[in-house]
1. Using a cut-off of 13 Å between beta-carbons, work out the net charge of the residues near residue 192 (Lys and Arg +1, Asp and Glu -1, residue 192 not included).
2. If you look at just the Cα atoms of segment 248-378, how large are its Rg and its Dmax in Å?
3. Mind ranking 138-146, 318-326 by how tightly packed they are, going by the mean number of other C-beta atoms within 10 angstrom, highest first?
4. Considering only C-alpha atoms, what is the centroid distance from segment 90-133 to segment 230-270, in Å?
5. Can you list residues whose amide H is under 5 Å from residue 328's amide H, if they're 5+ apart or on another chain and H is modeled 1.01 Å from N?
6. Give the peptides 222-230, 107-115, 394-402 in descending order of average Cβ contacts within 10 Å, highest first.
7. If we count every other residue with Cβ under 10 angstrom of residue 157's Cβ, Lys/Arg +1 and Asp/Glu -1, where does the sum land?
8. In whole Hz, with x marking every Gly and Pro, tabulate ³J(HN,Hα) for segment 142-153 from phi via Karplus 6.51 cos²θ - 1.76 cosθ + 1.60, θ = phi - 60°.
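Just so you know, all these numbers are worked out from the coordinates, no wet-lab data involved. Quick caveat, the model's predicted, so the values are computed rather than measured. Cβ placement follows ideal geometry from the backbone for every residue including glycine, while neighbour counts extend to all protein chains displayed.
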Amino acid sequence: MENWNISRRVLGSSLVAAGVAGAAWRASAAAPKPAAPAPTPPAEPLPAGALPKTTPEAAAAQSSGERVLCYVGGYTKHGPPEANAKGVTLFEVNPDNGVLTHLSVFEDTDNPSFLALSHDRRFLYACNELEDYGANKDSGAATAFSIDPRTGVLTKLNTVTSAGANPAHLSVHPSGRFLLVANYSSGSVAVIRIKDDGSLGERTALVKNSGPRMPERAKDNPPGNYAVSDHSGAHAHMVQTDVAGRFVLVADAGLDRIYVFTLDPEHGTLTPAKIPFHAMEPGSAPRHFCFSPDGKTIYILGEQNSRVVVADYDTDTGAISPRQSISTVTSHFRGSTIAAGIMLHPNGKFLYVTNRLGNSIAVFGVKPDRSLALLDEVWARADYGRSLSFDPAAKFLFVANQRSDSITSFKVDPATGALDFTWTFTPVGTPTAFAFTTTKA
């Protein structure tokens, strides 16, 4: 989530040009590439409940006994300069080459900017990034969908208020009983009960963060970075449990803190941990985080200073102890950039970050002690890479390019972490989020 002022969403074409001109692309990006086969053109959207026609791409996936599906969320109305998404778009993924084949769009939902699947993959949840939902003029919403087990087609179950403006992130608690929602503009975290049928019930908790005003920029910015993050108040940007599900962590990009809570498994209430928060670099705007597979290391992405903080994580107390801070751009970079998405490869050996304005993907190697080394900075081939995600087999890395209305994809070398552009561009309006799943063919 970003606020609507000049500091975030509407940064201006001059900053975009500065970021592109200053980015240090790897040398191979400039070399001529062999012509790639034209991707399969998008199919016409299917009516609800209909099975997609078999294409050559889909046939390869179906022969393995299961299909790989991808849901893409984005902006449908107000907010960013352009809002071209139609709703939640469904694609089928070719597991051999990563090609996305358009299947359908669920249009009856506004600004589904972040998506999360239930643990049994039967339900999909979307945060509706709004500030005017229903009668409450200072609230967004969360929507629950059921997933057809054959086709992947969505059916809306219900929509409820998120009790705060512009929700930017949500996740399902490991118990499957609660949905956690981060309300960016309100700086609050809501807990919503999930009913047995997957629909959303009553709100069980609402916690609003507070703290002193922080600087617009961090001291450890990349050289020449004019981009700023909104530090006018609390801005909850991500909420998710640790690997064990013992603590709920909240990245607050406005207060530059990582909050830590426990959740009552019966009542769904939040209680601050013994150490209630960890203070990050002032002005860094911690946006997203991810954990090592064993949950003992946390990687925290600073949006404004484009750095990853590597920290030891105490699984018993939720305490965070930083031991490394590393830039997501090379030492050659000059200009404006703001980091967006962070994801660890399932093998735990490589970590990837998207850099907006600079339009690159940082590739990190994970050392034996869990610290990071920047291996490469790869051109994303499009504008304003917002989020990134692997397919279920982690063979391909997909990037949602918000301002280019496209998804780009890269083949991942699991031995070296290297990214090889597939030369496939998938058109979709203002994409911001992914959710991948599999169904029986």
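1. Values: positive: 177, 193, 195, 203; negative: 202.
Surrounding charge for residue 192 is +3.
2. Cα radius of gyration and Dmax of segment 248-378 are 15.0, 52 Å respectively.
3. Details: 138-146: 23.9, 318-326: 16.2.
In descending order of packing, they fall as 138-146, 318-326.
4. Value for the Cα centre distance between the two parts: 24 Å.
5. Placed amide hydrogens put 307, 308 under 5 Å from residue 328.
6. Details: 222-230: 20.7, 107-115: 22.7, 394-402: 24.6.
Sorting 222-230, 107-115, 394-402 by mean packing, highest first, produces 394-402, 107-115, 222-230.
7. Numbers: positive: 156, 195; negative: 197.
So the surrounding residues net to +1.
8. Once θ is set to phi - 60°, the couplings for segment 142-153 become 10, 10, 10, 10, 8, 10, 5, x, 8, 9, x, 5 Hz.
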